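The values are calculated or read from the model by the stated rules, or taken from the named source; none is laboratory data. This one's a predicted model, so the numbers in the text were calculated from it and none came from an experiment. Virtual Cβ from ideal backbone geometry, glycine too; neighbours counted across all protein chains shown. The protein model used for the area step is the full one, side chains on, heavy atoms only, and it has no ligands, DNA or RNA in it. Shrake-Rupley method; radii C 1.70, N 1.55, O 1.52, S 1.80 Å.
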Amino acid sequence: MAGVGTFLSDDSFNGKPIRVRGRFSSLNPRLAQWEQAFSGDGGKTWEVNWVMRYSRR
């Protein structure tokens with residue numbers, strides 16, 4: 001998808017393996033968004049737990 005960078009990694013949470021997804025998205029020329037999500041089922045479903053928006057001054 002144009003304007004989106006997705007980064008995947010493996011980690012653990014409370015001793016159980018999880019997938020971690022970080023995604024940068026260009027929302028418009030002055031606004032970008034970072035979203036972090038965890039998956040306990042190998043990436044079938046995702047729980048978003050952190051969203052940040054960046055704006056150009």
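What accessible area per residue, rounded to a whole number of Å², is obtained for segment 1-48 using a probe radius of 1.4 Å?
Accessible surface, normalised per residue, equals 72 Å².
Can you give the net charge of the other residues whose Cβ lies under 13 Å from the Cβ of ASN28, counting K and R as +1 and D and E as -1?
After counting each charged neighbour, the total is +3.
Net charge within 11 Å of SER39 by Cβ-Cβ distance, Lys/Arg positive one each and Asp/Glu negative one each, not counting SER39 itself?
Within the 11 Å Cβ shell, the charges total -1.
At 1.4 Å probe size, with the rest of the protein present, what percent of the exposed accessible area of the chain is carbon and sulfur atoms?
53 percent
Based on the Cα atoms of the chain, what semi-axes does the equivalent ellipsoid have, where each is the square root of 5 times one gyration tensor eigenvalue, given in whole Å with the largest first?
26, 11, 8
In terms of solvent-accessible area of protein heavy atoms at a 1.4 angstrom probe, what is the ranking of ARG57, ARG30, highest value first?
So, going from the largest accessible area down, we get ARG57, ARG30.
Whole-Hz Karplus ³J(HN,Hα) for segment 42-57, in order, using 6.51 cos²θ - 1.76 cosθ + 1.60 and θ = phi - 60°, x for Gly and Pro?
Here the 3J(HN,Hα) series is x, x, 5, 10, 10, 10, 6, 10, 7, 9, 10, 10, 10, 10, 7, 8 Hz.
Where nothing but the Cβ of Lys and Arg (+1) and of Asp and Glu (-1) is charged, how large is the charge dipole of the chain around its Cα centre, in debye to the nearest 20?
360 debye
Using θ = phi - 60° and the Karplus form 6.51 cos²θ - 1.76 cosθ + 1.60, what ³J(HN,Hα) does each residue of segment 10-27 get, whole Hz, x for Gly and Pro?
9, 8, 9, 9, 6, x, 10, x, 9, 9, 10, 10, x, 9, 9, 10, 8, 7
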